[in-house]
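Peer 1: Here it is: the structure, laid out below.
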Amino acid sequence: MAIYVGFDLSTQGLTAIAIEVEGSRREVVFERSLNYDADFPAYGTTHGVLPREDPLVATSSPLMWAEALDRMMGVIAGSGLDLSRVRAVSGSGQQHGSVYLNGHARTVLAALDPGRPLVEQLAGVFTRKASPIWMDSSTARQCEQITRALGGAEAVSRLTGSIAFERFTGPQIRKFYEYDPAGYTRTAMIHLVSSYGASLLAGRHAPIDPGDGAGMTLMDLARKQWAPAALDATAPDLAPRLPPLAPSWSIVGPLADYWCRRHGFPSAQVVAWSGDNPCSLVGVGLAGEGEVAISLGTSDTLFGTMREARTDPSLAASVFGAPTEGYMALLCFKNGSLARERVRDRARLDWAGFSRALRETRPGNGGALMLPWFEAEITPTVLTPGVRRYGLDPADAAGEVRAVVEAQMMALATHSSWMGVRVQEIRATGGAAANREILQVMADVFGARVRRLKVGNSACLGAALRAWHADELARGRRLPWGEVAAGFVEPEEPGVRPAPASVPVYAALKDVYAACEADALGKGPDPGLLIAGFRARFGT
Ligand code: XUL
């Protein structure tokens, strides 16, 4: 019986999951998390972030990540798991974060001494002690410079899959080069959190996969190769400082001798690591085009796969390489739970009352709409927060409830339509997925079945599943992704099906919603006529 291990070096801690597979038997046999703040207090992090004066800056410690990995390997070894059956390991990393290593790193990694802790040996390999992470937004100026050099935001998005966001790695590298040119000169290799984790395990510089590479503003999305123009726009002589790009299922090499002799692991294969969102795609069991996952959490997010390298004309989405092949889109809406809670609280309802309000109001809400921008919104870009209402009476508590949920679902649907994918099934996760009435609106707006999914550490599980998939592939057996996830990921049956009468209502309302959004953003005419047309057809 083979065992595969996945790691997730995330913002706040390190998780490991081991899975056992034999024939149709699938089981998670180990799951543990270490928390950086609580378990590694010497680094002084808060929620995994090093102390900071500038709120725009967010960094963490690459040495702490290494120490966490070393400790976790010890925990796995001490758990009673039969280590001799571990065949392959892989991992997931918080996206965009970067690690800067000098020229000694290569020899240090290749000759790790099992008699001494990893951290002691790595102390001298960093040219930058603090790694910028995805929560950093201090690079607005570098984003502008890179964008200008590449011919504007549309050009950057078409080339790399996303506009140059502050947290993306290229702008962070440029900032390092500008502020510490000597440190940049001493840097021989820049890793992502993911490829750094793989490098520590394999004892050699590991490649970056297109899932995580696309989050750098440096990768040509269509070719899945470094884009020379983007490298030039970022910092001089960057190409030799980047690991190669390689498919997500690449075998980096066997576990370094350090792990075998220090913790008793066999010489299992290290599979390339990827970003946490790409790994989650596998961990929620998305098998192919037409399936999307929607997480209704603090923010609402949608991700799904695409065969082709398409990009979002509105520039709000990010497109990454999918670790399953092809591409994946990621959309993030800031006004998720927060907006639902604001409306619920204003209406003085509990969640049962919120559900009742949805049951008691009609799909389409009689053409009364809300743009629920309680906070500045990411999708679409709204910098000045403020709720906008069209024909909606703020005193109508039930109408407000329906309006906020319909708005969120229509925003998810209209802002993902550029993917050109006919959505056939949605896997719903996150706190608000517990509410069946919300899922009914989701099913009706998308015209697709919605199945609820209980997922804990989907990125980490995805990493373990990728280790299994890659190991089988290396042995000449191509496991279909649906088969890889089956048994580990069990979406609820039968799920929520779209109500046939509601689908045409929302098909029409989506156009009205898009017009209201354009009007609110000052990009379109008054939607009054469209609203009147909708009411004439479906009633008020
Ligand atoms: C994605 C992003 C975050 C990080 C941390 O673009 O910034 O989701 O991957 O989880």
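Peer 1: Can you tell me how many residues in region 72-101 are more than 16 Å from the ligand (Cβ to nearest atom), farther than 18 Å from residue 172 by Cβ and in contact (Cβ under 8 Å) with a residue 40 or more places away in the chain?
Peer 2: Here the count works out to 17.
Yes/no matrix, rows are residues, columns are (1) more than 16 Å from the ligand (Cβ to nearest atom); (2) surrounded by fewer than 24 Cβ atoms within 10 Å (Cβ to Cβ); (3) modelled with pLDDT of 95 or more:
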residue	(1), (2), (3)
208	no, no, yes
223	yes, yes, yes
253	yes, yes, yes
264	yes, yes, yes
290	yes, yes, no
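Peer 1: A further question follows. For region 334-345, does any single residue satisfy the condition of being surrounded by 24 or more Cβ atoms within 10 Å (Cβ to Cβ), among the polar types (S, T, N, Q) and in contact with a helix residue (DSSP H, G or I) (Cβ under 8 Å, 6 or more places away or on another chain)?
Peer 2: Yes.
Peer 1: Another question, if that's okay. Of a type in the set (A, V, I, L, M), more than 19 Å from residue 517 (Cβ to Cβ), assigned to a helix (DSSP H, G or I) and open to solvent by less than 20 Å² (accessible area, probe 1.4 Å) - does that describe any residue in region 398-407?
Peer 2: Taking every residue of region 398-407 in turn, at least one turns out to be of a type in the set (A, V, I, L, M), more than 19 Å from residue 517 (Cβ to Cβ), assigned to a helix (DSSP H, G or I) and open to solvent by less than 20 Å² (accessible area, probe 1.4 Å).
Peer 1: Quick check: is even one residue across region 432-439 within 27 Å of residue 364 (Cβ to Cβ) and not in a helix (DSSP H, G or I)?
Peer 2: For region 432-439, residues within 27 Å of residue 364 (Cβ to Cβ) and not in a helix (DSSP H, G or I): present.
Peer 1: Pick from region 352-366 the residues that are over 16 Å from residue 394 (Cβ atoms) and touching a helix residue (DSSP H, G or I) at 6+ places or on another chain (Cβ under 7 Å): which of them is farthest from the ligand (Cβ to nearest atom)?
Peer 2: The selected residue is 360.
Peer 1: Additional query: Is there a residue being in a strand (DSSP E or B) and among the small types (Gly, Ala, Ser) anywhere in region 329-337? Spell out how you get there, then give the answer.
Peer 2: Just the residues of region 329-337 that are in a strand (DSSP E or B), to begin with: 329-333.
Next cut, among the small types (Gly, Ala, Ser) only: 329.
Scanning region 329-337, I find at least one residue that is in a strand (DSSP E or B) and among the small types (Gly, Ala, Ser), so the answer is yes.
Peer 1: Kindly list the number of the only condition in (1) crowded, with 19+ Cβ neighbours inside 10 Å; (2) within 14 Å of the ligand (Cβ to nearest atom); (3) not in a strand (DSSP E or B) that fails for residue 298.
Peer 2: So residue 298 meets the others, but not (1).
Peer 1: Sort out for me the helices (runs of 4 or more DSSP H) sitting completely within region 50-139 that have 3 or more residues that are within 23 Å of residue 184 (Cα to Cα) and open to solvent by 30 Å² or more (accessible area, probe 1.4 Å).
Peer 2: Of the helices (runs of 4 or more DSSP H) lying wholly inside region 50-139, those with at least 3 residues that are within 23 Å of residue 184 (Cα to Cα) and open to solvent by 30 Å² or more (accessible area, probe 1.4 Å) span 105-110.
Peer 1: Next question. Could you list all residues from region 35-49 that are over 14 Å from residue 8 (Cα atoms) and open to solvent by less than 20 Å² (accessible area, probe 1.4 Å)?
Peer 2: Listed by number, the residues that qualify are 40, 45, 49.
Peer 1: Now, a different point. Give me a count of the residues in region 370-389 that are over 14 Å from residue 342 (Cβ atoms) and out of contact with any Leu (no Cβ under 6 Å at 6 or more places or on another chain).
Peer 2: Qualifying residue count, region 370-389: 6.
Peer 1: If you go through region 312-327, how many residues are at pLDDT 95 or above and within 13 Å of the ligand (Cβ to nearest atom)?
Peer 2: Number satisfying all stated conditions: 4.
Peer 1: Of (1) surrounded by fewer than 22 Cβ atoms within 10 Å (Cβ to Cβ); (2) of a type outside the set (Phe, Trp, Tyr); (3) more than 16 Å from the ligand (Cβ to nearest atom), residue 489 satisfies all except one. Which?
Peer 2: (1)
The values are calculated or read from the model by the stated rules, or taken from the named source; none is laboratory data. Bear in mind that the values here come from a model prediction, so they are computed numbers and not experimental data. So basically every Cβ, Gly included, is an ideal-geometry build from the backbone, and we count neighbours across all protein chains shown. Heavy atoms of the whole protein, side chains included, go into the accessibility calculation; ligands, DNA and RNA do not. Shrake-Rupley method; radii C 1.70, N 1.55, O 1.52, S 1.80 Å.
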